[in-house]
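Structure first, then comments.
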Amino acid sequence: MNKITIPERNRIADEAANWLLILDEDNSKQTQQAFQVWLEQDAHHQQAFSKLQIMWGLAVDLPTDCLTELPQPITRTWWQTLRHTIKNRLALTPLIWPVGSAAFALLVATFSFIAINQPQQIDNTLTTQIVAIEDPIIYQTTTASHQSWLLADGSQITLGADSKISVVFKPKKRAIELLQGIAVFKVAKDPKRPFVVSHHGHSATAIGTEFVVKAHLSHVSVAVLEGKVAVMAANNPNGLTLELGEQAELDQHSPLTKQPYNLQQELEWQSPLLEYHDVPLGEVLHDIRRFTTLNIYLADNDIAAYKYSGQIHHDKVEQWLSALPHLYQINLVKVDNTRILQKQEMQK
């Protein structure tokens, strides 16, 4: 990477800060495309953005020792207050957003000063803090939305609707736990620190690749979009290596086997339509709950085994539920924001 001048570094830091704030407020496809164009223009852009993400997510954990030589009026008290402000950024209302914006701009300016005057010291301190931090950073999406983030190591994650992961970077391991939902990981190469995604004891390990991990009702599925991924099911010492175009379902009761997958089907959650082919209705409902605020319940477990084939629009879950009694011998009961599916013979 070519060296840049201090004015250029400051300009890139300002642009990175603006993008971080823009993406926090607007994660539309158009904004994401514009951001990717900016990110790919210069390797310094990605480096600056990654550092700002570190400050944004770990502001409360950054050391104060590196600030001992900073001039007034930058004091330890001021720094601790600023860190508290940044940590609570997401709690700010739109009415006081300019205050948060100004505080973040000041944070950028502070770190620009540190980077210019003590580059080696600060780089080492930040790295130590990142690899040693034990508290996970949580990334999550809301109902009916998906979002992408660039991690501090350069890896990119994309979460589907109502999905959640925790990220911990350790000296010898990048540990990610899929807490719920579905995620796509585009992993930056780092042979010394494997990238491990886990869910209920199952794991998928990559060094440099792109793959999808999805939490189902009773298992987790892994599909490889690029490179190779080593998968291992909980309580099963015999793992598999998946390559491009292969997937596996990990559970505690069935042997691991490779299967081909349909790329369009694996990524369909990013489109407005979900498509299913002979899938148990219980699994379909598990997916649908991530796209609606309705509380959906099954009054009879037998309904979960009914097979479903068809398409469901993210924004039309209510209409889809209303159509189910025409497809199966079931009734739909509506109580406020709750929807209950029950077998017709249970209806009195």
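Structural remarks
- With θ taken as phi - 60° and the Karplus curve 6.51 cos²θ - 1.76 cosθ + 1.60 applied, the whole-hertz 3J(HN,Hα) list for region 292-303 is 8, 8, 5, 8, 10, 10, 10, 7, 9, 5, 4, 5 Hz, x standing for glycine and proline.
- Close amide-amide hydrogen proximity is noted between His202 and Ala234, each under 5 Å apart and 5 or more residues distant or on a separate chain (H modeled in the peptide plane; Pro and chain starts excluded).
- The Asp153 and Ser254 beta-carbon pair, evaluated with R₀ = 35 Å, returns a calculated FRET efficiency of approximately 0.60.
- Assigned charges on the beta-carbon of Lys, Arg, Asp, Glu; region 136-240 dipole about Cα centre (debye): 360
- Here the dipole of region 173-227 is about 200 debye; that uses its Cα centre as origin and unit charges on the Cβ of Lys and Arg (positive) and Asp and Glu (negative).
- Near the amide H of Leu151, within less than 5 Å, lie the amide hydrogens of Gln156, Ile157, all on another chain or at least 5 residues away, with H placed in the peptide plane.
- Among Ile182, Ile12, the ranking by other beta carbons within 10 Å of each residue's beta carbon, starting with the fewest, stands as Ile12, Ile182.
- Gain on full stretching of the segment that runs from Val279 to Thr241 - 0.36 nm per residue minus C-alpha separation: 11.1 nm
- Charge-dipole axis of region 137-264 as Lys and Arg at +1 and Asp and Glu at -1 on Cβ define it, positive-most pick from Trp149, Ala188, Ala223: Ala188
- Annotation for Lys334 and Glu226: the two label points, set 7 Å from Cα along the Cα-Cβ direction, are 4.6 nm apart.
- J(HN,Hα) series, region 232-243, from Karplus relation 6.51 cos²θ - 1.76 cosθ + 1.60, nearest Hz, glycine and proline x: 8, 7, 4, 6, 9, x, 8, x, 9, 10, 9, 10
Read-outs: derived from the displayed coordinates by stated rules, not from any lab. Remember, it's a predicted structure, so these values are computed and weren't measured experimentally. Here Cβ is always computed from backbone atoms with ideal geometry, including for glycine, and neighbour counts include all displayed protein chains.
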